[in-house]
1. Could you pull the accessible area for Arg48 with a 1.4 Å probe, rounded to 10 Å²?
2. Specify the residue with the greatest mean-square fluctuation among Lys49, Lys16, Lys66, computed from a Gaussian network of the chain linking alpha-carbon atoms under 10 Å apart.
3. How much accessible area per residue does the chain have, counting only protein heavy atoms and a probe of 1.4 Å, in square angstrom?
4. Asp34: accessible area at probe 1.4 Å, nearest 10 Å²?
5. If each residue of separation counts as 0.36 nm, what is the full-extension length gain between Ala26 and Met1 once their alpha-carbon separation is subtracted?
6. What does the extension gain come out to for Leu11 and Thr67, with contour length at 0.36 nm per residue minus their alpha carbon separation?
7. Roll a 1.4 angstrom probe over the protein heavy atoms and tell me the percent of accessible area of the chain that is carbon or sulfur.
8. Between Tyr46 and Val18, what FRET efficiency comes out of the Förster formula 1/(1 + (r/R0)^6) with R0 = 35 Å and r the beta carbon distance, rounded to 0.05?
Amino acid sequence: MRLLNIGFGNLVNAEKIVAIVSPDSAPIKRMVQDAKDRGSVVDATYGRKTKAVIITDSNMIVLSAKTAESFENKSAKVKEEKDE
């Protein structure tokens, strides 16, 4: 199991992530609101602005104050380390 740091000491199982998207578009905002209504949102922003929405294979939504680009950079770095 590989854990992904999503900020403020919070970790998510990287193998369960389906997508990491920006929260700015209307469809993503609706998805987050629907998930809040269902009770399937984990807010890991600590009161800060949501900069990334993490969608898992179990239809859980995780909100992060880190940008999607920062996850991409870390993912590429981990892949490079594995290849060496």
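The values are calculated or read from the model by the stated rules, or taken from the named source; none is laboratory data. All values reported here derive from a predicted model rather than from experimental measurement. Glycine also receives a Cβ, built like all others from the backbone with ideal geometry; neighbour counts cover every protein chain displayed. Side chains are part of the model used for accessible areas, which takes the heavy atoms of the whole protein and leaves out ligands, DNA and RNA. Shrake-Rupley method; radii C 1.70, N 1.55, O 1.52, S 1.80 Å.
1. Probe radius 1.4 Å; accessible area of Arg48 about 130 Å².
2. Lys49
3. About 67 Å² of surface per residue is accessible.
4. Accessible surface of Asp34 is approximately 80 Å².
5. 5.7 nm
6. So the extension gain works out to 18.7 nm.
7. Ligands and nucleic acids excluded, carbon and sulfur give 50 percent.
8. Between Val18 and Tyr46 the formula returns 0.90.
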